[in-house]
Structures are given as structure tokens and as C-alpha cells.
Amino acid sequence: GEAMFSVADVDATQIDGSLDRFLSLTLNQSMLAYKSDEKVSRVFRRALGTSRAETIMNRFAPKRPSNIAEMLKWIPAKDAAELISNEPPQISAVLMSFLTPEAAAEILQLLPGEIQSDLIYRVATLGPVSSKALAHIHGLLENTTPSEEESAPPMQVGGVLDSATIINNLSKEQGRSLLKALMKRDKVTAKLIEDEMFVFADLMNLSSKDIGSVVRKVDSSILVPALRGASDDLKDKIFSAMSKRAAETIQDDMADAPPQPMDAVIAAQKAVIAVAKVMLDNGDINMAGAGADYV
């Protein structure tokens, strides 16, 4: 409303300027950008077959915007929990995937325990959702008869990262309980979720003192490749938590080391994370942000 009122006194010169900028941006827009998701998907399907193409596309395809998330923002948690509990499990999982992690965690706590673990599992294993299912959800939220565009391609929703982020917004005890239930159901999926709950970049949430405690327990042969994949901010924070001599040694080793395969970098980062996880569980260090029980 404020934005609408703010343009009430716009003059002709400003309108002409806006139209000129619009035309300039439009003329520079490549045709490659038009329906790029459909084009990329078509290439992968032809090259790999539908099943394998979908599996690989799930890893990197951006999610298309939807007004489902916007509609869900206006529904109170109690009402959303009731809606989710009354829908088929797969539809409920799709609804959960459109919520913010904070809202999803709040709603999850209002549901029975057995439903909680099932929903988290289904969110993690969701794939492309058909236009028919999305139309059904639109109909639920708008209290209208579902309608769909036949040509609308499936939308990728959910994933392991979504489930991990939701769990990270629960208490430490609740998160452990859910992971335990998931381990009984599917160890592979549960481990993937657990790995995403604490990634190397999350070390930024540690204090300088606690980062220092972690790196002192990690051998330089692991720290050097691990830092190759780190952001400049994280590197600076880690180096500042070390003695000047130790930081210079690591920096020299990084400069002298040959290029590392990405698999080696990821493996080294996981080794550092494993050390940090043990220290977190033992209460030796504390993490701010997600997982408020660590604060």
C-alpha cells in the first residue's frame, strides 16, 4: 500500500525514464533465459533418460517461485498444523516445504511425534511435484475449486537441505529424537540430513575462542585442504583464532600445495566438522544461531 501511494505523484518524465530502462533491460535479455528450466530439463532427459535426469536435476535446479509460500505466511500455526494433519502425507510434505524453516519447525511441534518424523522424511525425499498437486494445494489455501495449466512443468520442492534446516530450528533434544526415528526408517537419508545440519560454513557461528579450540584438534594436513573451499570471511576468522605463527604456517602450506580434487576438500571439511560435532555434544564449545540449545 505504501508503495502504491508513493507513485501517486509520479510525473511524465519519471514514467518515460522507467519505460526507457525497461526497454533497455528487455532488449538485452537473452532468449536463453526464456523457460530455461524447461530447456535444461529437456537436454538432461534426452541425454540420461527421465529417471536419472530428475535425480541429477534435483541437485542444482533452482526452485521456481510460487505464491503458495506467500499464502501460507498468513495462516496461523495452529490452523496450518490442522490443515497439514488432515491432508494426505505427500501433500502435507509439499506444504511443509513451502513454509519458512522457522514456521515449519513451529508447526511440526504441534503435530504428533509419529507424524513429525514421517513428514521430515517425506520433505527430504520429495522430487518434482506435478501441476495437478500444486493446483490442489492452491485450491486448499484459497478455498476454491482446483484448476491447473496442462502445460505447466513439475516444480522441484523439498530436499535433504530443507529437512535439515527445519530440524535446526527445533531444540537439540527434539532434533536428536527425530534423527533417531529417521535412522530406524532410512539410515542413508538420515545421514544425509545430519550432514546438512552442520556444514563447514557454520563454523562462522562459533566464537573465535571456540574456533581456536576446534582447529587445535585438527591436523594441518586436514585443515589445509579444508580451507581451500572456505569463504574469505571464514578463513580470516579461523586465522585470527590461531597464533600468528600457526596461521602463517597454514597459509604457506596452502600456497605451496597443488590443486586439490573437490572430493578431497569436501572430505577434509567433513573431518573438521566431525571434530566440532563431538565438541558441541560434549559441551566443550557453543554455537550461536540455529539450534538455540547451544547458546
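Odds and ends about this structure:
- Ordering I285, P101, A271 by the projection of their Cα atoms onto the charge dipole of the chain, which places +1 on the Cβ of Lys and Arg and -1 on the Cβ of Asp and Glu, puts A271 at the extreme positive end.
- Charged side chains reduced to their Cβ positions (Lys and Arg at +1, Asp and Glu at -1) give the chain a dipole of some 1160 debye around its Cα centre.
- Most mobile of G49, G17, G283 in a GNM of the chain (Cα contacts under 10 Å): G17
- Given 13 as the ceiling on other Cβ atoms within 10 Å, longest exposed-site-free region of the chain for trypsin sites (Lys or Arg not before Pro) in DSSP loops: 74-216
- Shape class for the range 194-278: oblate, because the ratio a/c of the largest to smallest gyration tensor axis (alpha-carbon atoms, square roots of eigenvalues) is 1.5 or more and b/c is at least a/b.
- The string of couplings for the range 199-209 from the Karplus curve (6.51, -1.76, 1.60, θ = phi - 60°) is 10, 4, 5, 5, 4, 4, 7, 8, 6, 4, 5 Hz, one whole number per residue in order, with x for Gly and Pro.
- Built amide H within the under 5 Å cut-off of V129, gap 5+: M155, Q156, V157
- CD proxy at 222 nm, helix term only [per DSSP H run n ≥ 4: -39500 (n - 2.57); per residue of the chain; nearest 500]: -20000 deg cm²/dmol
- The label point for A255 and the one for A201, both projected 7 Å from the Cα toward the Cβ, are 2.8 nm apart.
- Build a GNM of the chain with springs between Cα atoms under 10 Å apart, and of A47, A276, A267 the one that fluctuates most is A47.
- Label-point separation, K191 to W74 (7 Å along Cα→Cβ), nm: 4.6 nm
- Principal-axis analysis of the Cα atoms of the chain puts helix 113-124 at an angle of about 90° to the longest axis.
- Once the Cα-Cα distance is subtracted from the 0.36 nm per residue extended length, the E102 to S18 segment shows a gain of 26.5 nm.
- Cα long-axis angle, helix 36-48 against the chain (0 to 90 degrees, to the nearest 10): 70 degrees
- Distance (nanometres) between label positions extended 7 Å along Cα→Cβ at E2 and D263: 5.3 nm
- Label-zone membership for the range 257-277, site S220, 7 angstrom Cα→C-beta point, backbone N under 14 Å: 257
- Selected from T26, T13, T125 as most flexible by GNM, with the chain as the system and alpha-carbon contacts under 10 Å: T13
- Of all stretches in the chain that contain no chymotrypsin sites (Phe, Trp or Tyr not before Pro) in a DSSP loop with at most 13 other Cβ atoms within 10 Å, the longest one is 75-295.
- Out-of-range pairs (alpha-carbon distance over 26 Å; input K172/K217; K209/K270; K237/K270; K172/K270; K184/K209; K235/K277): K184/K209
- Rounded FRET efficiency, nearest 0.05, which uses the C-beta distance separating K270 from L48 and R0 of 30 Å: 0.60
- With Cα atoms, 0 to 90° folded angle of helix 89-98 axis to the chain main axis: 80 degrees
- The charge dipole of the range 198-294, taken about its Cα centre with unit charges on the Cβ of Lys, Arg, Asp and Glu (plus for the first two, minus for the last two), comes to roughly 140 debye.
The numbers here are math on the coordinates, done by the rules we state, and not lab data. Since this is a predicted model, take the numbers as computed values, not measurements. No Cβ is skipped: glycine too gets one built from the backbone with ideal geometry, and neighbour counts run over all protein chains shown.
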